[in-house]
1. Might you check whether a residue that is touching a Gly at 6+ places or on another chain (Cβ under 9 Å) and either open to solvent by 20 Å² or more (accessible area, probe 1.4 Å) or within 17 Å of residue 169 (Cα to Cα) (or both) occurs anywhere in the range 69-76?
2. I'm checking my understanding of the structure. Among residues of the range 96-113 that are open to solvent by less than 60 Å² (accessible area, probe 1.4 Å) and without any contact (Cβ under 8 Å) to a residue 40 or more places away in the chain, which one is nearest to residue 123 (Cα to Cα)?
3. With respect to the numbered conditions (1) touching a His at 6+ places or on another chain (Cβ under 7 Å); (2) open to solvent by 40 Å² or more (accessible area, probe 1.4 Å), which one is the sole condition not fulfilled by residue 117?
4. Here is a list of conditions, (1) among the basic types (Lys, Arg); (2) assigned to a helix (DSSP H, G or I); (3) closer than 29 Å to residue 172 by Cβ, and residue 29 meets all of them except one; can you say which number that is?
5. Anything in the range 4-26 that is assigned to a helix (DSSP H, G or I) and either at pLDDT below 75 or closer than 16 Å to residue 85 by Cβ (or both)? List them, or say none.
6. With the condition kept exactly as written, say whether any residue in the range 134-142 is surrounded by 13 or more Cβ atoms within 10 Å (Cβ to Cβ), at pLDDT 95 or above and under 15 Å from residue 169 (Cβ atoms).
7. Inspect the range 47-66 for any residue being open to solvent by 20 Å² or more (accessible area, probe 1.4 Å), closer than 17 Å to residue 159 by Cβ and small (Gly, Ala, Ser) and give the result as yes or no.
8. Quick one: would you say residue 43 is farther than 29 Å from residue 17 by Cα and acidic (Asp, Glu)?
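The values are calculated or read from the model by the stated rules, or taken from the named source; none is laboratory data. These numbers come from a predicted model, not from an experiment. Please note: Cβ atoms are built from the backbone with ideal geometry, for glycine as well, and neighbour counts cover all protein chains shown. These accessible areas exclude ligands, DNA and RNA; they are computed on the full protein's heavy atoms, side chains included. Shrake-Rupley method; radii C 1.70, N 1.55, O 1.52, S 1.80 Å.
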Amino acid sequence: MSVFLSASPALSASAAPPTQAELLDFARRTAADTALIASLPLDPEGRTWVRLEGPGGSEAWLIGWPPGAGTGWHDHADSVGAFLTARGELKENALAARLPTDGWKTLELSEGVDRERRLPAGRGRSFGRHHVHEVLNESLDEHAVSVHAYYPPLPRIRRYSRTGQVLRLEQVERPEDWQ
C-alpha cells in the first residue's frame, strides 16, 4: 500500500533531526486523531499499513494488527524510533542487550536480557539504534492500531529467528522490499 497521509506538519528541512522523544510525541498526537485511526483499512488476515508524513524527514506508519498478528524478531538498524498503540493492545518483547551490529549470524543470548511490555491504547515507547524486538497483538478477537516513526528513514530491517537463548540473523530487508 503506497498511500501517504499528512498527520501533522513536518519540521522544516533545516531543523535538527527529530529526537526519540519528538518521535514519540508525534505518535501520541497522531494516535489522538480518531478520524485518521478510523480511516485505516483493517484486514482479518494480515497487517495493513499506510505511510504518514513524519516530523523532520522521519518515516512514519499507521499499522493495523489483526488478532494474533506479530512482526517476528527484528531491529531497525541505524534508526531511532517510537511507536504508540492507538487502539487495542500490543505486546513488545525486547532484548535489553547491545548486540554487535554486523559480522555475525548466530548469537547466544545471556540470561536476563528479555524484557516484556504491554502497551494498551495511549501507551507507547521510544527506542535507540539497533533495538531488537518483536511486537504482537495477542488478542483473540480485537484489531489493534498503532503509529510508528523512525529517523533516519529506515535504511534496512534485520530479521531474526529465536530458539531459546539463540538468536539467528535470517534476512536483511531494504526499503524497496516493503514499499
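1. no
2. Among those that are open to solvent by less than 60 Å² (accessible area, probe 1.4 Å) and without any contact (Cβ under 8 Å) to a residue 40 or more places away in the chain, it is 96.
3. With (1) touching a His at 6+ places or on another chain (Cβ under 7 Å); (2) open to solvent by 40 Å² or more (accessible area, probe 1.4 Å) applied to residue 117, the lone miss is (1).
4. Status for residue 29: all satisfied but (3).
5. Answer for the range 4-26, where residues must be assigned to a helix (DSSP H, G or I) and either at pLDDT below 75 or closer than 16 Å to residue 85 by Cβ (or both): 23, 24, 25, 26.
6. Looking through the range 134-142, at least one residue is surrounded by 13 or more Cβ atoms within 10 Å (Cβ to Cβ), at pLDDT 95 or above and under 15 Å from residue 169 (Cβ atoms).
7. Within the range 47-66 (the criterion being open to solvent by 20 Å² or more (accessible area, probe 1.4 Å), closer than 17 Å to residue 159 by Cβ and small (Gly, Ala, Ser)), the answer is no, since none of the residues qualifies.
8. When the stated conditions are applied, residue 43 passes them.
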